[in-house]
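**Student:** Got a structure for you, questions after.
Quick note: the coordinates plus some simple rules give every number you see, no bench work behind them. Everything numeric in this text was worked out from a predicted model, so none of it was measured. With ideal geometry, Cβ positions are generated from the backbone for all residues, glycine too; neighbour counts draw on all protein chains shown.
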Amino acid sequence: MQYKHQYIDGTGADLPVGKVVCVGRNYADHAAELNNPVPTTPMLFMKPAPALVPLDEPFEVPMDYGTVHFETEMAVLIGQRLKNANKHEIEDAIVGVGVALDLTLRDLQTKLKERGHPWEKAKAFDGSCPVSAFVEPEAAGDLQDQQIRLTVNGEVRQNGNSSHMLNKVYPLIAYMSHYFTLEPGDVVLTGTPAGVGSVVPGDKLRVELSELISVETQAV
Ligand code: ZN
């Protein structure tokens, strides 16, 4: 099914589907689990619009390129253009808060990194960003106190709090907007806490953001 931004009450967000701007290693415990140093400035990458698929429908896991990892992340929906944005502009521009999977072809990414090649094939492939419906930011409350939880086949695999982000949401989006103009309908992913691991077809997942969002879905 064609992806469209939606709110959890079922109303459409009336925004185009844009790009996804992401940050790597935004939680120290996740950087450590992959033996990566914590970067001194935010490490940015992007996924194009065809990466977005609805999280509440079965999502495809490509099995032709080695291990596929889940990374569970708080997602922010952008409603206004942001370029060199300040805190006030960012606050005004956030129109939704959701939760997403940053699917990663981990074996391919490792090979690409070893060769000094870009990551796109491992991170930005079609369907690489299943995302939930959004809640209004007013309903979400403090973005730096959100619990990000993933349960796979009944076992809690990720359970981190956004208070542990190295780059908090507003400074992160400000930094992103220096390099990439954020446009209405773009999504920002804010990084994954520790616990990333492989996902295979047949896995049943529950993806949660605090008490706000709980999505049951399946890898196919
Ligand atoms: Zn990620």
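**Student:** Determine, for each peptide in 37-45, 131-139, 98-106, the mean count of other beta carbons within 10 angstrom over its residues, then list the peptides with the highest first.
**Tutor:** 98-106, 131-139, 37-45
**Student:** Whole angstrom only: what separates the Cα centroid of region 155-203 from the Cα centroid of region 62-91?
**Tutor:** Using only Cα atoms, the two centres lie 6 Å from each other.
**Student:** With the crude spin-label approximation of a point 7 Å out along Cα→Cβ, what separation in nm comes out for Tyr175 versus Glu211?
**Tutor:** Here the answer is 3.2 nm between the modelled labels.
**Student:** Now for a separate question. Between Lys168 and Asp9, what length in nm is gained on full extension when 0.36 nm per residue of separation is reduced by their alpha carbon distance?
**Tutor:** Between Lys168 and Asp9, full extension yields an extra 54.5 nm.
**Student:** Taking H as built 1.01 Å from N, whose amide H comes closer than 5 Å to the amide H of Asp203, not counting residues under 5 places away?
**Tutor:** Close amide H contacts, sequence-distant or interchain: Ala219.
**Student:** Follow-up question, since we're still on this one. Using a cut-off of under 16 Å, list every residue of region 79-114 whose amide N is near the label point 7 Å from the Cα of Glu138 along the Cα-to-beta-carbon line.
**Tutor:** Only 91-97 fall inside the zone, counting backbone N under 16 Å.
**Student:** Going 7 Å from the Cα of Ala28 along its beta-carbon direction, which residues of region 157-183 have the amide nitrogen within less than 12 Å of the resulting point?
**Tutor:** Label zone hits: 164-167.
**Student:** Now for a different question. Using a ≥ b ≥ c from the Cα gyration tensor of the chain (square roots of the eigenvalues), is it rounded, prolate or oblate, where a/c under 1.5 gives rounded and otherwise the larger of a/b and b/c decides, a/b for prolate?
**Tutor:** rounded
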